[in-house]
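The values are calculated or read from the model by the stated rules, or taken from the named source; none is laboratory data. Note that this is a predicted model, so its numbers are computed, not measured. Here the Cβ positions follow ideal geometry from the backbone for every residue, glycine too, while neighbour counts run over all protein chains shown. The accessibility values were calculated without ligands, DNA or RNA, using every heavy atom of the protein model including side chains. Shrake-Rupley method; radii C 1.70, N 1.55, O 1.52, S 1.80 Å.
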Amino acid sequence: MKKMLKEYRTLYKEGIDEIIIEKSRFIGYAKPVKSEEEAIQFIEEIKKKHRDATHNVPAYVIEDSNLVQRYSDDGEPSGTAGIPVLEVIKKENLKNVVVVVTRYFGGIKLGAGGLVRAYTRGAKVAVEAGKIVVKRIYKLIAVEIEYHLLGKVQNEILQNNFLLKDIEYGELVKLYVYIKLDEVEFFLNMVTEWTSARCETEKITKEYLTELNGKIIL
């Protein structure tokens, strides 16, 4: 069974941005991915899109059952391109992210230090465009109560900043609430207290939710 990370930093969406340095054009692409295969496919798409570019420099970090880190200088002097791109990913502690920096040579040589700085900036603007988010595992819990308790329980859920996903109305009311893993037992104890133990609870599933600047994006 594949181990799920409790939480990790990644990107919200594909990011694209570009910079011009000494007449060379650097186009940064960054994308969240779920596997090494998906990262490789994205790299090939960028290479195909920019087959006329001087260089397409990729790097990615994937954490599935193992941590995988890969990069390539794609013809640039060793250590001046792929490693700087990979370091941007690592310094932001991102996982399941691929970055490709495409370069169109502008006629002015940058030197080793200049290349490192240029590829670093190219990767950074791509990552910034993709927006860094936290993927955190939440437990979806169902709480079944009688109708006269609905107002009180719903209010307590909101007051305590728990995330109410849905409400089902049947013979009884069933509320579906997302709870952080380390707050599950606390939540169950609180529900018992709110309802004077007149409730039924069920742990439904675990899933990743996306947090941007500390707020959940559904």
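Values computed for the structure shown
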| read-out | value |
| --- | --- |
| Loop-located trypsin sites (Lys or Arg not before Pro) in region 86-123, at most 13 other Cβ atoms within 10 Å (DSSP) | K109 |
| ³J(HN,Hα), Karplus 6.51/-1.76/1.60, whole Hz, each residue of region 198-212, x for Gly, Pro | 9, 7, 10, 10, 9, 7, 8, 7, 10, 7, 7, 10, 9, 10, 10 |
| Long pairs among K31/K174; K90/K203; K34/K174; K90/K131, criterion Cα-Cα beyond 26 Å | K31/K174; K90/K203; K34/K174 |
| Euclidean distance of C-alpha centroids, region 54-85 and region 120-194, integer Å | 38 |
| Cα-centre dipole for the chain with unit charges at Cβ (Lys and Arg positive, Asp and Glu negative), debye to 20 | 900 |
| Kirkwood Rh, angstrom, region 76-147 [1 / mean 1/r, Cα pairs] | 14.8 |
| Distant-in-sequence amide H partners of V33 (H built 1.01 Å from N, under 5 Å) | V97, V98 |
| Exposure of F186 as accessible area (Å², to 10), given a probe of 1.4 Å and all protein chains | 110 |
| Cβ-based charge dipole, the chain, positive-most Cα from T102, Q41, G151 | T102 |
| Local net charge near G106, Cβ-Cβ under 12 Å (Lys/Arg +1, Asp/Glu -1) | +3 |
| Cα centre as origin, Lys/Arg/Asp/Glu Cβ charges: region 103-218 dipole, Debye | 1360 |
| Sum of side-chain charges, T120 neighbourhood, beta-carbon under 11 Å (Lys, Arg +1; Asp, Glu -1) | +3 |
| Calculated FRET value between N189 and E63, using beta carbons and R₀ = 25 Å, to 0.05 | 0.15 |
| Cα-based reach from K23 at 18 Å (exclusive), listing lysines while leaving out same-chain residues under 8 positions away | K109 |
| Rough spin-label spacing in nm, given labels placed 7 Å along Cα→Cβ, for L181 and K109 | 5.2 |
| Neighbourhood charge, 12 Å Cβ-Cβ cut-off, centred on E45 and excluding it, Lys, Arg +1 and Asp, Glu -1 | +2 |
| Linear extension gain, L163 paired with E207, 0.36 nm per residue minus alpha-carbon span | 14.5 nm |
| In Å², nearest 10: area of L86 left accessible to a 1.4 Å probe | 10 |
| Per residue convex hull volume, Cα atoms of region 1-113, in Å³ | 101 |
| Reachable aspartates and glutamates from K49, criterion Cα separation under 17 angstrom, eight or more residues apart if same chain | E14, D17, E18, E38, D74 |
| Under-5 Å amide H pairs with C199, H placed in peptide plane, nonlocal only | none |
| Surface accessible to a 1.4 Å probe, per residue, for the residues of the chain, Å² | 55 |
| Residue among L212, G122, I16 farthest towards the positive dipole end of the chain, charges placed on Cβ | G122 |
